[in-house]
Structures are given as structure tokens and as C-alpha cells.
Amino acid sequence: MVGRFLTRYYILILLSLLCLTACNSPDSGVLQSNQDSTLKLLYWQAPTILNPHLSNGYKDSEASRITLEPLTSYDKNGEMVLFLAAEVPTVENGGIAADGKSVTWKLKRNVKWS
């Protein structure tokens, strides 16, 4: 008897929730904002350093990417994406020395150092 009552109770709650979600007004497709155009980033822990070469975690390297672009990075599929580099150094293109002791990166045109 109690099981039948609980089943009906849960069905009633589900139907009520379905009706409430159906009453939602349609979106116009355009988002309006009265705020200024300031980018705000929220991290659960503050970055400790903005130098990506001295960072010890994801939060530090991500925070430094706002001001420092890497030579290359990876996209969501794990494919390498060129940022400042014109090509990835390999032994074939002469970017990596035959002895493996030096690497030469070729940069894109108009890359400026600051």
C-alpha cells in the first residue's frame, strides 16, 4: 500500500516539474548586458606566479596565458596549434640539430618582443 502511494507521489512530482519547465518563456536569442566589457576570471585558488616557466600548476600557467602567448599549444582534440611559431622544429626541417643539442624555432612574421 505504501509502495503504491510513493509511486503515485513521485509521478505527481515529475509531472508537476514537467509542467513548470514548460511554462518557461522562450529566449529571444540575443543576450543583453548592462555591464561593462571587463573580462573577469574566477579561480578556486589564486595564482601564485604569472611566469609560466616557474609555475607549479594549471592555475598559474592558465593565468599567465592572458599576457604571454606560447609558441605552440594543444586544442581540445590534442592537436598541436601554432601561436607564435611558424612551424614546429624537427630534424627534417632543420629546427632540431642532428646531435639533438639545439633547437631553433622559426617565428611567424611581425612577432614583436616586449
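The values are calculated or read from the model by the stated rules, or taken from the named source; none is laboratory data. A quick note: this is a predicted structure, and the numbers were derived from the prediction, not measured. Here the Cβ is made from the backbone with ideal geometry for all residues, glycine too, and neighbour counts use every protein chain on show.
Assorted remarks:
- All conditions in (1) modelled with pLDDT of 85 or more; (2) exposed (fewer than 10 other Cβ atoms within 10 Å of the Cβ); (3) of a type outside the set (Asp, Glu); (4) under 21 Å from Val111 (Cα atoms) hold for Gly100, with the sole exception of (4).
- Any chance Val88 is surrounded by 10 or more Cβ atoms within 10 Å (Cβ to Cβ) and in contact with a Leu (Cβ under 9 Å, 6 or more places away or on another chain): yes
- Matching residues, the range 34-53, being in contact with a helix residue (DSSP H, G or I) (Cβ under 8 Å, 6 or more places away or on another chain) and under 19 Å from Thr72 (Cα atoms): Leu50, Asn51, Pro52
- Tallying residues that are among the acidic types (Asp, Glu) and surrounded by fewer than 10 Cβ atoms within 10 Å (Cβ to Cβ) within the range 33-74 yields 1.
- Within the range 45-55, the presence of a residue that is out of contact with any Asp or Glu (no Cβ under 8 Å at 6 or more places or on another chain) and assigned to a helix (DSSP H, G or I) is excluded.
- Selection count, the range 58-91, where residues are small (Gly, Ala, Ser) and either in contact with a strand residue (DSSP E or B) (Cβ under 8 Å, 6 or more places away or on another chain) or modelled with pLDDT under 80 (or both): 3
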